[in-house]
1. Would you list which lysines come within 17 Å of Lys281, measuring only between C-alpha atoms, while excluding same-chain residues fewer than 8 positions from it?
2. Which residues among segment 136-170 fall inside the zone where the amide N is under 15 Å from a point 7 Å beyond the Cα of Arg28, along Cα→Cβ?
3. With each run of n ≥ 4 DSSP H residues scored as -39500 (n - 2.57), what mean residue ellipticity at 222 nm is computed for the chain after dividing by its residue count and rounding to the nearest 500 deg cm²/dmol?
4. I'd like the antiparallel share, as a percent to the nearest 5, of DSSP beta bridges with both residues in the chain.
5. Mean separation of Cα pairs under 8 Å and 6+ residues apart, divided by the residue count of segment 330-402: what relative contact order is that in percent?
6. Using unit Cβ charges (K, R positive; D, E negative) and no other charged atoms, how large, in debye to the nearest 20, is the dipole of the chain about its Cα centre?
7. Going Cα to Cα from Lys144, which aspartates and glutamates come in below 16 Å? Please leave out same-chain ones fewer than 8 positions away.
8. Once the other residues with Cβ under 12 Å from the Cβ of Glu378 are scored (Lys, Arg +1; Asp, Glu -1), what is the net sum?
Amino acid sequence: MVKSVEQHIADILGVVRPVAPIELDLQRVHGAVLAEDVHSTVSLPRFDNSAMDGYAVRSADVAAAREDAPVRLPVAADIAAGDSAVHTVLSGHCARIMTGAPMPSGADAVVPVEWTDGGQAEVAIHRPAAAGNAVRPEGGDVLKGDLVLREGARIGAAEIGVLAAIGRRSAPVRPKPRVVVLATGEELVEPGEPIGPGQIWESNGYMLTAAAVDAGCAGYRHAFVGDEPGAVMAALEDVLVQADIVITTGGVSMGAYDVVKEELSRLDTMRFEKVAMEPGKPQGYGTVGEDATPVITLPGNPVSAFVSFQILVRPALQRMRGLPPEPLPAVRARLTESVASPPGRRSYRRVVLDQVQGGAVATPVARQASHQLGALAEINALAVVPEELTELPAGAETEVVLLPRP
Ligand SMILES: Nc1nc2c(c(=O)[nH]1)N[C@H]1C(S)=C(S)[C@@H](COP(=O)(O)OP(=O)(O)OC[C@H]3O[C@@H](n4cnc5c(N)ncnc54)[C@H](O)[C@@H]3O)O[C@H]1N2
Ligand code: MOO
């Protein structure tokens, strides 16, 4: 039975759940997703303060100040940012004040230093300042009790700035899901190591770990395993405690040594199926272990693994983060060349998407086979050929999925 892409996405979503919320330190929340609304327990600014370097005055005292007829006031105090003393400006006096310094009581305006002679004992003020001039009032930004961040917010630089500004040392978040990637195959050799006949350098593990990071997760690449019996189960048992989800590659098709499928299909919590897509036909998913850790088994062909991850696995990772499990964004674009597709399967063809006058155009790369990793880094999108078609001619408009960039 061949299964639809939508059904397989739904089935994978069915075995994952959002990671449990924890309170995480400010220095570790980047990339996490907020698990609760955050209300401010303080007003911002916390106190009336000066917006400029200048002189805190009573506005009535400087109302008559003119360019050619300055008002002269004695400078009764010098107030720097961080000054915690209680200052008062009496009528007919002023205080020198710096940006961010608390307003002294009595004063209701700040005259910027540029409107004065900059005097230290006495200052000549050449322009009037209205009440409130260059004063940042308490609560003028955030009021105590205000909702400042919503549950479900992705925590980036701006959110971290807000949390710190309201004095929070930590936040209730869903941390980045821990994605462990396990490549399998007897032919694999670590990149950088000498290689022998029939061997290949392991690339899927590195690629998918990076793809998991691009999807907002913490990616960990486990050492790859060979095809010896028991190796996959042993590696899985090894990683279950530290994984929120495990992604394997290889060993899921029809071969005599397709050990992932062979070993894991003994568990009644795992399913191995054919999905109506190309690349990415042989797929498996389910859970393993006491905690029902999700395990997704992707095919070994590098492009199949990559496309399967982006189309099938990414929505599940978004759900685990605590976000809506949305697919990658897509646009409509015109194909510059024809693309083929096997009957009954939805094909994802590698294309370069460009914006030109007249709209978006998608140019397929020449090498479209599942092992042809070479062109993967040239592309920025995948053009979709629907199940019911075996070809889309040049000039046809189709859905084009935008690939994520870090
Ligand atoms: N008789 C059939 N043969 C195959 C079928 C089929 O339906 N009937 N399906 C083909 C399709 S489609 C795919 S996709 C692959 C999937 O195969 P496996 O998931 O079992 O993967 P392997 O056989 O282990 O490897 C396939 C290919 O990819 C290379 N590979 C594997 N792992 C890595 C890695 N970590 N880094 C780089 N390259 C990797 C491996 O050397 C093979 O060349 O099956 C088809 N066959
Ligand atoms: O489905 Mo395989 O993934 O076409 O190469």
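Bear in mind that the values in this text are calculations on the coordinates, not laboratory data. Here the structure is a predicted model, which means the values were calculated and not measured. We place every Cβ from the backbone using ideal geometry, glycine too, and count neighbours over all the protein chains shown.
1. Lys3, Lys261
2. Hits in segment 136-170 for Arg28 at 15 Å: 169-170.
3. The helix-only estimate for the chain comes to -4000 deg cm²/dmol at 222 nm.
4. Antiparallel: roughly 65 percent of the beta bridges in the chain.
5. Worked out over segment 330-402, it gives 49 percent.
6. In total the dipole reaches around 580 debye.
7. Qualifying aspartates and glutamates at Cα under 16 Å: Asp37, Asp48.
8. Neighbourhood net charge equals +2.
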